[in-house]
Structure formats: structure tokens, C-alpha cells
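The values are calculated or read from the model by the stated rules, or taken from the named source; none is laboratory data. Computed from a predicted structure; not experimentally measured. Note: ideal-geometry Cβ built from the backbone for every residue, glycine included; neighbour counts use all protein chains shown. Please note that ligands, DNA and RNA were not included when accessible areas were found on the heavy atoms of the full protein model with its side chains. Shrake-Rupley method; radii C 1.70, N 1.55, O 1.52, S 1.80 Å.
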Protein chains: 2
Amino acid sequence: MSYRAPVEEISYFLKTSTSLPELMAQGVVDLSFDVVDAVLDEAGKFAGSVVAPFDRVADKQGCTIKDGAVTTPEGMRAAYEAWTEAGWCGVAAEEEFGGQNLPTSVTSALTEFWNAASPAFGICGVLTLGAIEALTAHGAPQLQHIFLPKMVAGTWTGTMNLTEPQAGSDLAALRSKAVKQADGTYRIFGTKIFITYGEHDIAENIVHLVLARLPDAPAGTRGISLFVVPKFLVNEDGSLGAHNDVVCAGIEHKLGLHGSPTCTMTFGEKGEGAIGYLVGEENRGLACMFTMMNNARLAVGVQGVAVAERATQRAFAYAKDRKQGKAPGVEGSAPIIAHPDVKRMLLTMRAETDAARALCLKTADALDRSRLLPDPIARAAALAEASLLTPVAKAFSTDAGIEVSSLGIQVHGGMGYVEETGAAQHLRDARIFAIYEGTNGIQAIDLVTRKLTQEGGDVVNALIADYRETAEEVSALNAPDFGHAGPRLAEAVDALGRATRVMLDRVADEPAKALAAATPYLRLYARAAGGAFLARTALAAYAERAGGATDPRLAARIAVARFFAENLAVEAKGLEEAVTGGAGGVLEAEAVLAIG
Amino acid sequence: MSYRAPVEEISYFLKTSTSLPELMAQGVVDLSFDVVDAVLDEAGKFAGSVVAPFDRVADKQGCTIKDGAVTTPEGMRAAYEAWTEAGWCGVAAEEEFGGQNLPTSVTSALTEFWNAASPAFGICGVLTLGAIEALTAHGAPQLQHIFLPKMVAGTWTGTMNLTEPQAGSDLAALRSKAVKQADGTYRIFGTKIFITYGEHDIAENIVHLVLARLPDAPAGTRGISLFVVPKFLVNEDGSLGAHNDVVCAGIEHKLGLHGSPTCTMTFGEKGEGAIGYLVGEENRGLACMFTMMNNARLAVGVQGVAVAERATQRAFAYAKDRKQGKAPGVEGSAPIIAHPDVKRMLLTMRAETDAARALCLKTADALDRSRLLPDPIARAAALAEASLLTPVAKAFSTDAGIEVSSLGIQVHGGMGYVEETGAAQHLRDARIFAIYEGTNGIQAIDLVTRKLTQEGGDVVNALIADYRETAEEVSALNAPDFGHAGPRLAEAVDALGRATRVMLDRVADEPAKALAAATPYLRLYARAAGGAFLARTALAAYAERAGGATDPRLAARIAVARFFAENLAVEAKGLEEAVTGGAGGVLEAEAVLAIG
């Protein structure tokens, strides 16, 4: 099935539900929506026609390794080269290094397109961009000069080397070593696992960003430094030199993302260590890596949206084509989309996907404001908002990716279980998004322990007040098209408000209870915020219809917001109960935990 | 990781929460719990030591086909032979044909063990048993005499041939033909797809039960007849004769269950048709097949429990072993089971698994009463109860299989995404259970349109009253160990009561709305009933503890029931809202459905 990038949907959302129009009007974003639409359109076409077609082949063939060299599936290199030649790699980077400095709300849309077309392809660009951002923010000018232009062009790709066998979520436990040399460079020794695109055959060089410890570094996370370790060393004239002492020792056999190599990387196995260059200050590596990780977390949320969108499109196409059984008003055998229970599945897929996208784009928008607004106080407020929304966007969207792709299999019936259909691959691919770049449990803990407490709770409470306003506007409209969306949303927002108060108290007084309720709290947040965001877009659509516009997409946006409020946001009550009344049962279940 | 069959758990449930003790006391079940425990124990050991070890290999190797012959993975045949030699195939069958006629509550436990050890192995026995049941209930004595002893012994396996490319959920659309011969046999022509163990190398013969139409049959489901079509014809002396004209034309490349061949079967391709024997009456085949399907539906629910149990055991073992981060009260690096968010995941897995098992065993128990109670009125009531619980047990347990195995991956972090770990296989295997033997959507529709309406709603209302009584007993106890489980359960049961009244009205007056709310209704039912069943067992455990018993399993049962009530049954409110207020938004979303 072909992939159709949701260009109109995203364009509409950017116009009605983000600050992009305002940023354009203020002149801090030097773009018009004509240009934005043209970019989205071009990218959508590229994703559908160049990237999407080889995704199934990539899944089937997978990657292979021989003598440390990794071969990616047929077509991957050609697609990657076409993609970089078209200039897509550098859209988010600074113009100084050859990038286009597009707003994150726009580049997030592009990230969605590449990853919907093929997540095994798209993840490579996500990591390169993360490395670009870390170097842009923390690299010395000389390092930037050597590496950034090539990375922005996509000629060289980037990686994040964090995880070690004993150090996954707990980076404090990492052991890779870095030894300073007389010439100011470092020698790196150690083994890193789960390194996406750690080795491949699609670009000239690979720029590894590696966390390691200096010999005299303090224990824990305050003794970690960040280094650039290129696969091939770079000569003074910019040409490639010797192969650095970094080797791919193996690739993983994974549930999905078969087209993307997941590598075990060994540094300094041959003896003298891999040559590395310090990024930022010694022992401050984790702070530098966090620059990369926060943006990567949003990008992984977008991957969840991407696969959910692809699965949703596939399920709709199948449900319109497949005939089975009778339905009221349909002669003969009915397309299964006519059956109410199938409608419910499809609407759930569409509503979850759109809510996840809204969460990601609102996060991206807050990031844009935090970077671009002229007023420093407004920038700080936007940054606090982005910080709070990032874990919600990451965790909810990746959970949605799993749930929606699983529902997509269900819509296909028995055919969904047969790999050739393509529906099953989406679930296999999506399953990692909830794990990498900080598991969703860690996102929930981050939200509760570090983000809610910003400004003593003022940040979260202001956002909740904003969601409440949206719910009240829907209620005040009293329009049949919205059904009971207004009151249902208001209930969800109120539940979030009450749960937030409880959690703020707990973070101070009963931290274990806060942790035990973090996951349902994050989901509750997403139910209320996602519902409010969809409703905000639907209110814009309603106003346009009231003004005489007849595009059927307007009615569809209202129906999706209504469905979400009436069928999904209603989870809020139960989630509130789990947050406020469920933590005790988690912490007092030692007998169960002992037995298993 | 080795599999440990939950023998004590199931034995405790059978003793405290089913009518098995009463049936034993009445003498209609000629067993003691000593015998039952010994059977469970033996089966558990066999599953853990003989079946489980080859499951990963079977997944990796999969099945192959060459010239119509299917080769199953290494070890499958040996395990199957050992299993039949130990007599496990016929435990549920009538003694007359060599079976042991054990109660369904006990044989369901055994089905769980085989399928937890290896669902690709276990499903073969499920299908053979289904075929045995159909022949036992509807076959002519001569057919029974030829086929049943061999099938009960497991020397011959059974299949269900229903699905055709154009006839999946809609059996009315099936086209396979059957032509009566002068000798009373029939000639069968047609193609069937998705036939589990349609061809294999683990037993001497394969007994296909095939749905087909006679030339003059009425259209739709009233024109379908059921036939026995053996792979090898059977000579008068019981020895095997010529190969029948039934051929495996291909096997599917599936998401999971790689060890189990899923076949396309062609009947009568060579010209004269496959020789078949009528089961039951002409044109009444669907009724006969339903005998098989209802029991198979429960067995598939049990498959969901089985994989959930296996995934849960694996996750607990990993979480106790894997060290990462700090936790209060733990020196150095803590096992991840010490982290509250991980505790929540593990408790969710355990509680969902136990609730699913309780639903399946309560269904099995109702089936036993429907067959064994002396009083015909009591038997009819038990049958109505079993009919109502079957779709709930099937759909909820298979959804739980998916959710729990997905959580199992999450507990493993990045390792969960690597196939060698084994966690990912559970999700791949479990994903089909929600689809085959009637999709979960069809189960929900069956529940709402055919089962709720039994006796004008009296059946369901009596069951709800029973669940309410359990909730009230928990509340009345006012025991700290139960936390707020009593009120939370009572709320869930009340929500179910209200939603049931709405649905009963709708089935009569607004059928489309009933269908549009069927899936959340089924889930609501399972939340209330599952919570009540776990609480019933926990009340028994509480009483034993009050009497001085100290087995830590008793405390664990209470903690699981509490966790379920406080964290999962609380979903009930939102589900009620989706049932009562969400259907309109499903049916008035044509704009969304048109666009996709």
C-alpha cells in the first residue's frame, strides 16, 4: 500500500494550533505558509515515492555483517543518497553550517514523513540531527568546522554511544574510558551496545558521539565526558584518513526495524585506543548529551506518530476494500468499514494518531518559541512548557504507535498476521519506540519528579488552565457536531487538575508513591491535553464551517475530536483513581513480587 | 528461561472458586483433589521439561514446505509423540473412545500448560480436541468408531477447515462444494486458507473437518454442511489406505507461531474430489461446527492466559536479576524490581494474567456444571452462564495476552527487543489469539446481541448480582490488606449494571448503537467480573490467614486482587462512559471514514 503524507492535516494544525503564524507575523520566522506548504508537499512526495517503496524489502532482507562491515538492505543507500542530495538532512540545522534552520514544528512534520515511509530509514536522520545539535550547542568551533558541514549535508552520519551492557537506563554505571593525550586528543576504550547505525554502508563516514570516563573522574553521572570519535579520521584538508580504532563487533537480531543496523561497537580493541575529541567540558558530558536526548525524545515520539499514521492508512484502505458480511444500507457483501465495531477500531486509530501528533507538534512549537521569541521571559516560559510536554509527547506517542499498529493488525483479521500484508511490520517496528531514548517509564518519572515541580507547579497549572478553557469553549458552543465532547473534556481536565495536586504533594512528601503512580499520571495528562489539542483544532474547523467553508476535512476534524473526548478522554476518571488510590497497592505487594 | 507451571495457583482456584468440590461431593465427578493435583503436577512437569525447551528453536526454525509436504521444526515430532504416549491428548475426551473425561476446568489448566510451554505445539492439541468434540456430538457411530479412538490417542490429529479467501468472519460466503455419491460418501472441492496444522509430519494421519455446500443447498449459513475428510483414507481394518485428494498448496509466513504450520488446503484439485463423510445432517454443518468453535473459543482464551503467564514469569525473572540504578533500602545497584514503576508493570502483568485465567476457569466450570449437574434446570442455567462468559473469556484473555506480553518486552528494556531474549516472541505469538476462532470484535458482538439477551437479561443480571455480593463482602471485611478494593469493585460492578441496562434497551431499539459499543462493553464486563473473581479467591485466602495459615501465596492473592481493583477495575467508569455516551460519535463520523 502506498503512503500518503498527511500534508493538509499538518498544515492545518500548524496554521490553527501553533504559534507559527504569530512567529511569522513577528518576523522571527522568515517564512510564509506558501513556503511551508511547498516544503511539506515536496517532502511528502519524496517520502511516498522514494522512501516508502523499499521499506518492506528492507524489513525482509535486514542487515548483515561480515568482518566488521555492515551491509544494509538493497535500496537503502540509493534512497539515502537521493534524500541527502535533495537537501533533506539539514533542514533543522543552522544556516551557518549549510542547514535551513526551519522551525522544529515544520521539521517534526518532515521527521514524521520519513519515518512513516520507513522508520528503519528515518531513524538514521534522527540520530544525525541529534549529533548535529549536540555539536552545535557544545562543540568547539574547530570541531564544528570539521564535522558539521558534512553532517548537515548528510555525507557523514551521526550516532549516540551511551548504552553499555551494565549501563542502560542508568548511565551512572558506565565504564568506557577516555585517556587524555599530550596533543589534546583523547584515547577511548570500551564497548557500547544498541548503537543505531553504528556501522553501515550508506555514507562516507560515521561520527560517533561517545560517553566515557576520564581516569580521575568522579563516580556517577558527574564523571562522564562526551567525545567525538569519527570512524575515519579527518585530515587537515577535510579528506578522510585512517580508520579509527572503532569496530562493529556484531549486530542484533531484532523484533523489528530490520533495515536499521543495531550495533555493538568496540573502541580501542586493537590497543592504543580510538582517537576522540572532547565536546564541551570534561565531566560535563551528560549535560551535553541531554541536549541531544531531549530533541531525540521528541523525534522518537514523532516516530510513534509516523508508524501509527502508516498503520492507520493501511487499515482504512483494507477496510474499504475487504468485503465481509452484511451491513445496514449496503447491498450484498459490505466493506468491513461499514460494520460499527470496525468503525470504532478505525476511529480509535485515527484519533490516537492525531492526538499523538498534536502532542508532538505542540511540543515542537513550544521549543520554537523557546528559541525564537524576542522576550527572554517568554522564551523561558516556553522552554518550561516544552520540557514538560516532551516526556508526555515521547511516551504517549510511542504507546499510541504500539496500540494503533496492533489495532491495524486486528482490522486486517487473519491477513494481518501474515507478514506479506505489511500490517504486522508496523507493530514490530513500533515496539522499540517505547524503549529507546529513555523508556516510557523513565519519561513518566521525569515528568513527575522534574517537570511538574517547575516553578512550584505554576507551569503545569497554567497549561491545565489552558486545556480547561478549550473544554469550556467546546461546551459553550453547544453544537451537536461536538456531541458531549465539552463536558467529557472538562471532566478529563478536572481529573488531571486533581491528580496533579496530589502528585505535587507526593513529590515533596511521599516520593515512592509519586513514582508508583507516574505512568498512569502521564497517560492521564495525555488524555486531557491530547483531547484539548484536538478540540482546539476542531474549534477552528467549526468556525470555518460556520463561515460557509465546506471542505469535508473540517467536519472530519470535529468528528475526531468528538470521538476522542467521548471514547478515549473518558479514561481520565479511572486513571485519576489509579494515580490517587492505586499507588499503595503497588508498594504493598511484596508478597506478589517475591513469588512472581 | 524455564517455565514453571502454576500448579498451586490453579489448584487453589479450583478448590476455592469453582464448583469442582461440590461436583466431587455429589459424586458426579469421580475424582479427588489428590488426583487432580497429581494430574496438574505431572502435566506441569511434562510441559516444563519436554515441551518448553524446544519452543525457541521452533520459533527460529519455523516450518517448511516442499512438494506439498510440510516439515515441522526439529523436536516437534519427538515432543508430540512423547505427549501422546503419556496420554495427554485424550484427557478431555469420553472414556468410551479412550479418553479420561476429565472436567473442563481441569483440562483447561492442562491446555494452559502446553500452550505456555509452546503455543505452536499446544494449538495442535486444541484443534484435535475440537474435532473430537464435534465428532462426539454429531458424528454417526460408524464415523466415531473409525476416527475417534485414533484421535483421542493423538495418533491422528484434527483440523478445522472453515476459512476461504472470500469467507473469513462471514462463513455465509463460503463456496467449497460437496457432491453426494451413490455410495453415500461425498466428493469435496475447494480451497481453504489459514488451516492450522493442515499438513505436518508429526502424526500418521490428519482428520480434516470441512465446511462445504451441496449443489442444491440454500444460500447463506443454512446451506452449509460439515464433512470429515481424512488425509489418508482408512481401510475397513483401520489401516491407512490411499492419499485422499487433499493437498497443502502453501504455508503462511506469519508474525508468530512459527512452529505451527498455517496451510492453504486444496480439496479435489486432481479431478474427482476429495472423499468426505457427512457429519450430522445436510445443511446443518454450521451448528455442528459451533460445538467445536465454542470450546475452541475458550481454549484460545486459555492460550492468551498461557502466553501471558509465560511472559510474566520471564519478566519477573529478568527484573529480579537485572541491576540498574538506585532504590531506597538497596545497597549499590538495585534489581529493577525494586523500582516502583517496574513493580507497577509486573503487578499489572500478574493481575491481568490471573484475572484472565479466572475468567477462563469460571467459564470452564460453568461448562462442567452444564454437563454434569443432575438437575436439568440447573444444567440449563449453567449453560446460559457458560454461553455468556465464553466470549468474555476469549476476548479479554487474548487481549491480555497481547498487553501482558508487550509489557514483558518493556520490562526487559532494550534486551526485550532482541529476539534471543525470548520476550518478543510472546508478543508475536499472542497477536493471533485475538483474531482466530472469531475475532474479538465478533466475540463482543456475540456477547451483546446473543448472550446478554438470554432470558430477557435475567442471566446477566444474576451474574452481576453475584459480582456485587463479592464486592460487598470485601467492603464489609474492612481489612487493610484489601486497601480500597471493596468500593472500587462495587463501582465497577455498578457501572456494569448500568451499562447492561442501556445495552439491553439498545439491542431491542438501536442495534447499530449496541454494536458500536460492544467492544468497550465486553471490556467493562471483564473488568467487573475479573475483579470479582480475583476478590472471591482472595477472600478465601484471607479467611485462611485469619485462621492462622502463613503460606505467603495467601497474602499474594489478596495483594493481586487489591491491585486489580484499585488500578485496573477503575477503568470501569470510563468504559461505561464509552458504552453509554460514545456510540453516537462512532456512528456519526462518516466524514472521518470517507477520508481515512
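Below are the figures for this structure:
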read-out: Qualifying residue in the stretch A:167-185 (condition: modelled with pLDDT of 95 or more and on the phi > 0 side of the Ramachandran plot); value: yes
read-out: Subset of the stretch A:383-410 [facing chain B (nearest Cβ under 9 Å) and either farther than 27 Å from A:Lys323 by Cα or open to solvent by less than 10 Å² (accessible area, probe 1.4 Å) (or both)]; value: A:Ile409
read-out: A:Gly158 vs. criteria in contact with a helix residue (DSSP H, G or I) (Cβ under 8 Å, 6 or more places away or on another chain), of a type in the set (Gly, Ala, Ser), open to solvent by less than 30 Å² (accessible area, probe 1.4 Å) and at positive phi; value: no
read-out: Yes/no for A:Ile224 being β-branched (Val, Ile, Thr) and more than 25 Å from B:Ala334 (Cβ to Cβ); value: no
read-out: Residue within the stretch B:421-431 that is in contact (Cβ under 8 Å) with a residue 24 or more places away in the chain and on the phi > 0 side of the Ramachandran plot present; value: yes
read-out: Among the residues listed as B:Ser387, B:Ser397, B:Ser406, the single one being closer than 21 Å to B:Leu515 by Cβ and part of a helix (DSSP H, G or I); value: B:Ser387
read-out: Sole residue being touching a Phe, Trp or Tyr at 6+ places or on another chain (Cβ under 7 Å) and at negative phi, chosen from B:Ala116, B:Ala131; value: B:Ala116
read-out: Which listed residue, of B:Ala529, B:Ala508, B:Ala514, is within 22 Å of the chain's Cα centre (by Cα) and either under 21 Å from B:Thr453 (Cα atoms) or not in a helix (DSSP H, G or I) (or both); value: B:Ala529
read-out: Members of the stretch A:230-279 found to be in contact with a helix residue (DSSP H, G or I) (Cβ under 7 Å, 6 or more places away or on another chain) and within 14 Å of another protein chain (Cβ to nearest Cβ), listed by number; value: A:His253, A:Lys254, A:Leu255, A:Gly256, A:Leu257, A:His258, A:Ser260
read-out: Selected residue [open to solvent by less than 10 Å² (accessible area, probe 1.4 Å), among the small types (Gly, Ala, Ser), more than 8 Å from chain A (Cβ to nearest Cβ) and under 22 Å from A:His484 (Cα atoms)] from B:Ala514, B:Ala538; value: B:Ala514
read-out: Residue selected from the stretch B:311-344 under the condition touching a Ser or Thr at 6+ places or on another chain (Cβ under 7 Å) and of a type in the set (D, E, K, R), by the criterion farthest from A:Arg523 (Cα to Cα); value: B:Lys323
read-out: Counted residues, the stretch B:411-461 - those being assigned to a helix (DSSP H, G or I), among the charged types (D, E, K, R) and more than 10 Å from chain A (Cβ to nearest Cβ); value: 6
read-out: Residue ranges of strands (runs of 3 or more DSSP E) in the stretch B:203-309 with at least 3 members open to solvent by less than 40 Å² (accessible area, probe 1.4 Å); value: B:205-212, B:225-230, B:246-251, B:262-267, B:274-279
read-out: Every residue from the stretch B:479-508 that is within 10 Å of chain A (Cβ to nearest Cβ) and acidic (Asp, Glu); value: B:Asp481, B:Glu491
read-out: Conditions (1) under 22 Å from the mean Cα position of the chain (by Cα); (2) in a loop (DSSP other than H, G, I, E, B): number failed by B:Ala134; value: (2)
read-out: Answer residue from the stretch A:57-74, given it is open to solvent by 60 Å² or more (accessible area, probe 1.4 Å) and charged (D, E, K, R) and is farthest from the chain's Cα centre (by Cα) among those; value: A:Asp67
read-out: Selected residue (criterion: farthest from B:Glu491 (Cα to Cα)) from residues of the stretch B:541-585 that are charged (D, E, K, R) and facing chain A (nearest Cβ under 8 Å); value: B:Arg553
read-out: Odd one out for A:Arg77 among (1) open to solvent by 70 Å² or more (accessible area, probe 1.4 Å); (2) farther than 21 Å from A:Thr155 by Cα; value: (2)
read-out: Scan of the stretch A:320-335 for residues that are more than 8 Å from chain B (Cβ to nearest Cβ) and open to solvent by less than 20 Å² (accessible area, probe 1.4 Å), ordered by number; value: A:Ala327, A:Ala334
read-out: Residue check for A:Asp341: within 14 Å of another protein chain (Cβ to nearest Cβ), open to solvent by 20 Å² or more (accessible area, probe 1.4 Å) and out of contact with any strand residue (DSSP E or B) (no Cβ under 9 Å at 6 or more places or on another chain); value: no
read-out: Test for A:Glu588: is it surrounded by fewer than 20 Cβ atoms within 10 Å (Cβ to Cβ) and within 8 Å of another protein chain (Cβ to nearest Cβ); value: yes
read-out: Evaluation of B:Ala528 against (1) within 13 Å of chain A (Cβ to nearest Cβ); (2) surrounded by fewer than 24 Cβ atoms within 10 Å (Cβ to Cβ); (3) not basic (Lys, Arg) (one fails), failing number; value: (2)
read-out: Some residue of the stretch B:363-370 being acidic (Asp, Glu) and open to solvent by less than 10 Å² (accessible area, probe 1.4 Å); value: yes
read-out: When residues of the stretch B:541-562 are limited to those that are under 24 Å from the mean Cα position of the chain (by Cα) and under 14 Å from B:His484 (Cα atoms), the one surrounded by the fewest Cβ atoms within 10 Å (Cβ to Cβ); value: B:Val560
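Condition check ((1) aliphatic (A, V, I, L, M); (2) free of Cβ contacts under 8 Å to residues at least 60 places away in the same chain) across all residues:
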position: B:His339; (1), (2): no, yes
position: B:Ala351; (1), (2): yes, no
position: B:Thr363; (1), (2): no, no
position: B:Arg369; (1), (2): no, no
position: B:Leu373; (1), (2): yes, no
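Residue-by-condition table, conditions (1) modelled with pLDDT of 95 or more; (2) charged (D, E, K, R); (3) open to solvent by less than 50 Å² (accessible area, probe 1.4 Å):
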{"site": "A:Asp429", "(1), (2), (3)": "yes, yes, yes"}
{"site": "A:Ile435", "(1), (2), (3)": "yes, no, yes"}
{"site": "A:Ala444", "(1), (2), (3)": "yes, no, yes"}
{"site": "A:Leu447", "(1), (2), (3)": "yes, no, yes"}
{"site": "A:Glu469", "(1), (2), (3)": "yes, yes, no"}
{"site": "A:Glu473", "(1), (2), (3)": "yes, yes, no"}
{"site": "A:Asp481", "(1), (2), (3)": "yes, yes, no"}
{"site": "A:His484", "(1), (2), (3)": "yes, no, no"}
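Here is a yes/no grid of residues against (1) modelled with pLDDT of 95 or more; (2) assigned to a helix (DSSP H, G or I); (3) of a type in the set (Val, Ile, Thr):
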| site | (1), (2), (3) |
| --- | --- |
| B:Arg545 | yes, yes, no |
| B:Ala549 | yes, no, no |
| B:Arg557 | yes, yes, no |
| B:Ala569 | yes, yes, no |
| B:Glu576 | yes, yes, no |
| B:Val579 | yes, yes, yes |
| B:Ala591 | yes, yes, no |
